[in-house]
Structures are given as structure tokens and as C-alpha cells.
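Every number in this text was worked out from the coordinates using simple rules, so none of it is lab data. Note that the structure is a prediction, hence the values are computed from the model and not measured. Here the Cβ is made from the backbone with ideal geometry for all residues, glycine too, and neighbour counts use every protein chain on show.
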Amino acid sequence: MASLTKGFVENAIDDACHYIGEKVKTLRTNGGLTVRRIRDQDWHIGSEEMVGKDVDASDYLKSRTPWHFGISVHNAHNNNIIGRVTFYVAYSSWSGRIIYIDRMDCKGLNDETEELLLRILADVALALDCVRLTWRHTTTPKWHSAGSNQPEMHGEVLTLSMDKDAMAKFVSDSPLKNVVPLEGGFSKDLVDTAFSTCLDKVNNIPDATFLLRLAQKQEDLETIERLVQGLADYVKEPDAVEMTAQDYLKDGFALDNPLWYCLLVDKVNEDGSRYTCGYAFVFVGYVLGEGRFIYLEDLYLEVDHRGDGGGKTTMKALAGLCQALQCSRLYWQALDWNTSGLSFYNKIGAKVHEGEKTSEPVRWGSTQGFCRPW
């Protein structure tokens, strides 16, 4: 697996755009199409059609996360934009790198253009050693279920989120209510400062049963590996975890801008000793027109340590982190059969995204079959 840099991702996008762009030139009768990566200076072009308002390129470059990219499809005759997709490189604690679609604008076009953009992204996903290409949608085009190697839709997965108001209300009875939004461009230092600020407030509560800390050292990776496997065992998928401590290192601490961050939950015993009994695995993403968000990939506490407020403490810390990083939302997903989890999320002010479906070529082989169709 190649080391990840911004330049490496951009080269993978350019290669996929060139390959498929050459093919669609001969497949269209409307004068042909050109496909290209959106450059830093071009983010304002066509943004109003995509998000309902102009996107200032300089503001975007300051606030975006490092792993956010875009591709545009143009009429080769007049260079008009006829389709765009924005996306970010994310991370799964179970399977590693993911490409997650942010927005797709194919207004006035048929399903074929959407499929074209998704096939380009599948090609990029393979080049980056991503196991999955994932997107959420409320309608399902006909091509989605036609032919072989088509995406799989996960009907049992629910998407939930808390917006700024819900997060502010959630932390209003805790020291996190006074978190001040941090200024400056996005960077690892900014994220580290946000974590430090929030954890200082959470961990200074007298007689706390749980203490939180940011995973930052080699031995923490082995703890994460243990807890991730514990979650897999709990949901009866013991063989589903493909990542190891070394994999986490490569896309975490070893990068200038890590793909993931992890809060470790320490239970404080009566004798003052601590035991790491849970974790929250997150990444920071970006939605064009809305700004940054935090995605909670995993939240897990070992069964013997549930019911004492560890989950609530962790969710409050993440809500405070969102405020510090000026995030628009905190997102996560849950299985529709997890009634106890859904009840907890409802109590803290989370909303289910009704009618929203999640699709993906779920394994490397199906992603491979989905890309480069010509």
C-alpha cells in the first residue's frame, strides 16, 4: 500500500480522468465530453448550481480538510460544466481507506452521467488502495441494479447527525459549553489543539468515572487493534477486521494530515488505576457549501463498562470538538436493529436521515469490476 500524499491522490484522479475522458470523447454524440480534476483556483466555478450559493475559492482553501477533492465533466465543444462530483478520502477502522462522495451534481442529465462519475471514482479508489467507494442517496437510478458488478445498497444502515444547535444544547450542562471556536486554516496542529482544549475540560470534572485521551503513541495502536476486534466480535463479525496496528500507523501518526483520529476511553478504578475499555474512531470531512464535519466511524465500550456514562461523556467530547473546529455537523451511522443505541442517540438530540440509503461496491473485487468499463 503506497504512502498517501495530496500529490499522489491528485495524480490518481488525473490518471482516471484522462483514461475515461479519452473513452467518452468517442462515445458521445453531443460534441464529446472532457473530464478533469477541479483545481484549487476553480472551486467557485459552477458552485452555485451545486450547493445553491457561490463558494469563495479562498475561503474554501482555508477551511477545507486536506483530503477533499473534486472532478468536473464538461461539454468538449463549449466547455460548459454538465456534471460535478466532490469527495474526500476517509478511513474505516475495519478495512482502511475509503472514498466517500460529498456531493454530485448531474442536473438535467440522465443516469448515465452519474454512472460515469462513479466509475471514475471507482478507478481512483483502486489507485489509492481503497477498499470501498461509498455514497448516500435518496433515489436509486435504474442503472444501479442493472448488470453485473453493480453497487450494493445497505438498507439496514441508518445515517444520523447532530447539527450545531443540537450539539450546543447537548453540551450546555457541561464545561464544554464554553468551548471557543478556533481560527485558522485546517491542519493537524489545529485538530490537536481542539482535542487538547476539549479533553482538558472533560477530564477536569471532579471524581470522573471515565477519562478520555487522544491516541498518539505506538502502544495506543495495539489498544485500538484490541478494541476494534472487540467491536467486531460484539456484532458477530469476528473475521471482518482487516487492519492491524501497522496499518493504523501508516494512515494515522505517520501522515502530516492523518486520515483518522481516535479517542480512547479509560475507566478509573477505585484504586486510581485505569483500564482502556472503549474508543471513538473519527475522521474530519468536508461538505461543499456547509463546511467541515466530524464523522464517527466507531463508538464502542466493552459490555462490562457500559451504563456508567462513558458513551455520553465521549459523545459530548466529540460535540465540543465539532464546536472547536467550527464543524457544521457530527455524523455517524447505526444499524436499524440496534434499538438500545438508537434510543440513546435520540435522547441526546440526534436526528435520523429518513429515506437516505447508503451504497457501495463493498469489496475490492466488486470495486475493480465496477471501474474502467470500456
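Viscosity 0.890 mPa s, temperature 25 °C: what is the translational diffusion coefficient of the range 153-306 from Stokes-Einstein with a Kirkwood Rh over Cα pairs, rounded to a whole number of µm²/s? Numbers along the way, then the final one.
Working: Rh = 17.3 Å.
My calculation gives 142 µm²/s for D.
Taking every pair of distinct Cα atoms and averaging 1/r, then inverting, what Kirkwood hydrodynamic radius in Å comes out for the range 58-138? Please report the intermediate quantities before stating the final value.
Details: mean 1/r = 0.0727 Å⁻¹.
So the Kirkwood estimate lands at 13.8 Å.
Which loop-located chymotrypsin sites (Phe, Trp or Tyr not before Pro) does the range 219-296 contain, where loop means any DSSP state but H, G, I, E or B and the Cβ has at most 16 other Cβ atoms within 10 Å? If you can, show how the numbers build up before the last one.
Numbers: sites: Tyr234, Tyr248, Phe253, Trp260, Tyr261, Tyr275, Tyr279, Phe281, Phe283, Tyr286, Phe293, Tyr295; in loops: Phe253, Trp260.
Here the sparse-neighbourhood loop sites are Phe253.
Once amide H atoms are placed 1.01 Å from N in the peptide plane, what residues at a sequence separation of 5 or more from Gln326, or on another chain, have their amide H within under 5 Å of its amide H?
Leu182
For the range 304-349, what is the convex hull volume of the alpha-carbon atoms per residue, in Å³?
Measuring per residue, one finds 86 Å³ for the Cα hull of the range 304-349.
In whole Å, what are the extents of the range 223-272 along the principal axes defined by its C-alpha atoms, from largest to smallest?
Sorted largest first, the three principal extents are 39, 29, 13 Å.
What is the set of long-range amide H partners of Val131 at a cut-off below 5 Å, with H atoms built 1.01 Å from backbone N?
Arg97
Only residues of the range 248-286 count here: report those whose backbone N is under 19 Å from the spot 7 Å along Cα→Cβ of Asp304, or say none.
Within reach of a label on Asp304, which here means backbone N under 19 Å from a point 7 Å along Cα→Cβ, the range 248-286 contributes 265-279.
Can you quote the Å³ per residue value for the convex hull of the Cα atoms in the range 261-338, rounded to an integer? Mind dumping the intermediate values first?
Values: hull volume 7.6 nm³, N = 78.
Taking the convex hull of the Cα positions in the range 261-338, it is 98 Å³ per residue.
Just to check I understand the Karplus step: with θ = phi - 60° and J = 6.51 cos²θ - 1.76 cosθ + 1.60, what whole-Hz values come out for the range 191-207, glycine and proline as x?
These are the phi-based 3J(HN,Hα) values: 5, 4, 5, 5, 4, 4, 4, 5, 5, 4, 5, 5, 7, 8, 6, x, 6 Hz.
How would you order 113-126, 296-309 from highest to lowest mean count of nearby Cβ atoms within 10 Å? Walk me through the intermediate numbers first.
Working: 113-126: 22.9, 296-309: 16.4.
So the peptides 113-126, 296-309, ranked by packing, come out 113-126, 296-309.
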